[in-house]
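J.: Input: one structure, supplied below.
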Amino acid sequence: MFKFKLQQVNEKKIAFFDFDGTITTKDSLPEIIKFLKGRTAYYTGILLNMHWFMAHQINLISGDLLKEKILSYFFSGTLENIFQEQCDLFADRVLPGLIRQGAIAEMDQLRKEGFEMVIVSASAENWIRNFAKRLSLELIATKLEVKNGVVTGKIEGKNCKGGQKVLCIKERWDLAAYEEIYVYGDTAADKPMMALATRSFYQPFRKA
């Protein structure tokens, strides 16, 4: 009598989602600044920092340095616990109105199909964390530097954008173990991450 050993099929699946512009309808950084500081302070701050935007436009400073200048102007000196409380309020009160419903529907379908799901974002993890937690999503995002319990406005490590997204993903997941890898993005900065995919989706929810 013959015994046949069934071959175990690798059915691990994972999906990586960019956040700003892919899951959301707009960039979350200006929105959280408006929420925390008010619209007048936001526009005043942008005007006062216009020289940094101009320097970036003519390639005198990097996009990462520009981002640090803006983060530092608006957030430096804030107690970490207060900042996180404010970010959590933003996630509860504002983020739901920025989310593309097509993205939520896609996540619901992927969950039924057994996918692990991850948000990979250049935005700070502070204001995405609660959203990701509510939907049982893993999160990779830019970290803000904190010293002595105070937010400095600088980025801890590297900005999670472009090729850095790929490095962060590979640090946490062995992609060779996955049969299906879906990646969702909306700008050229997401293309290195999208190159990891067995199926990639560019601006998939714009009409949803």
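Nothing in this text is a laboratory measurement; each read-out follows from the coordinates by a stated rule. Given the structure is predicted, the values throughout are model-derived calculations rather than measurements. Methodologically, a virtual Cβ is constructed for each residue, glycine included, from the backbone with ideal geometry; neighbour enumeration extends over all protein chains shown.
J.: Can you pull the Kirkwood radius for region 97-152, inverse mean 1/r over Cα pairs, to one decimal in Å?
T.: Taking every pair of different Cα atoms in region 97-152, averaging 1/r and inverting gives 12.8 Å.
J.: If you don't mind, another one. Say the cut-off is 27 Å between C-alpha atoms; which of Lys13/Lys67; Lys12/Lys165; Lys34/Lys143; Lys112/Lys207; Lys69/Lys147 go over it?
T.: Over 27 Å apart, Cα to Cα: Lys13/Lys67.
J.: Between Lys207 and Glu138, 0.36 nm times their residue separation minus their Cα-Cα distance comes to what?
T.: Extra length from Lys207 to Glu138 when fully extended: 22.3 nm.
J.: How far apart, in nm, are the 7 Å Cα→Cβ label points at Lys34 and Asn59?
T.: Spacing of the two 7 Å Cα→Cβ label points: 3.3 nm.
J.: In addition: With a point put 7 Å past each Cα toward its Cβ, work out how far Glu156 is from Asn81 in nm, to one decimal.
T.: Result for the modelled spin labels: 1.7 nm.
J.: Continuing with this model, one more query. Using amide H atoms built in the peptide plane, which far-off residues or other-chain residues are under 5 Å from Val150 H to H?
T.: The list, which skips near neighbours in sequence, is Glu80.
J.: Let me ask something additional. Between Gln109, Gln101, Gln86, find the one with the highest GNM mean-square fluctuation for the chain; connect C-alpha pairs within less than 10 Å.
T.: In the Gaussian network model the winner is Gln109.
J.: How large is ³J(HN,Hα) for each residue in region 138-155, as worked out from phi by the Karplus curve 6.51 cos²θ - 1.76 cosθ + 1.60 (θ = phi - 60°), to whole Hz, x for Gly and Pro?
T.: Along region 138-155, the couplings run 6, 9, 10, 7, 5, 9, 8, 5, 10, 10, 6, x, 10, 6, 8, x, 8, 8 Hz.
J.: Using 11 Å as the cut-off for backbone N distance, which residues of region 57-83 belong to the label zone defined by a point 7 Å from the Cα of Ala41 along Cα→Cβ?
T.: Counting backbone N atoms under 11 Å from the label point, the list is 74-76, 78.
J.: Next question, about the same structure. Considering amide H positions built from the backbone, and no H for Pro or chain starts, which residues 5 or more places from Ile61, or on another chain, come under 5 Å of its amide H?
T.: Counting only residues 5 or more places away or on other chains, the set is His56.
J.: Taking the chain as a Gaussian network, where each spring joins two C-alpha atoms under 10 Å apart, which residue of Met117, Met54, Met107 fluctuates the most?
T.: Met54
J.: Using R₀ = 41 Å, calculate the FRET efficiency as 1/(1 + (r/R₀)^6) where r is the Cβ-Cβ separation of Lys112 and Asn49; round to 0.05.
T.: So the FRET efficiency works out to roughly 0.35.
J.: In which sequence would His51, His56 go, from the one with the fewest C-beta neighbours within 10 Å to the one with the most?
T.: Fewest-to-most Cβ neighbours within 10 Å comes out as His51, His56.
J.: Scaled to the compact-protein estimate 2.2 N^0.38 Å, what is the alpha-carbon radius of gyration of region 118-208, rounded to two decimal places?
T.: Output field value: 1.17.
J.: Counting other beta carbons within 10 Å of each Cβ, put Tyr202, Tyr182 in order, fewest first.
T.: Least crowded to most crowded, the residues run Tyr202, Tyr182.
J.: As a test of the definition: which semi-axes, in Å, follow for the chain when you take the square root of five times each eigenvalue of its alpha carbon gyration tensor? Largest first, please.
T.: Square roots of five times the eigenvalues give 35, 18, 17 Å.
J.: Roughly speaking, what is the centre-to-centre gap between region 82-138 and region 142-170 when only Cα atoms are used, to the nearest Å?
T.: Going from one Cα centre to the other spans 18 Å.
J.: Taking the chain as a Gaussian network, Cα atoms linked when under 10 Å apart, which of Gly38, Gly162, Gly21 shows the biggest mean-square fluctuation?
T.: Of the options given, Gly38 has the highest mean-square fluctuation.
J.: OK, next. For region 16-27, take each phi angle, set θ = phi - 60°, evaluate the Karplus expression 6.51 cos²θ - 1.76 cosθ + 1.60, and give the result in whole Hz per residue in order, putting x for glycine and proline.
T.: Couplings: 10, 10, 5, 9, 5, x, 9, 7, 9, 7, 8, 5 Hz.
J.: By count of other Cβ within 10 Å, fewest leading, how are Ser72, Ser121 ordered?
T.: Ser72, Ser121
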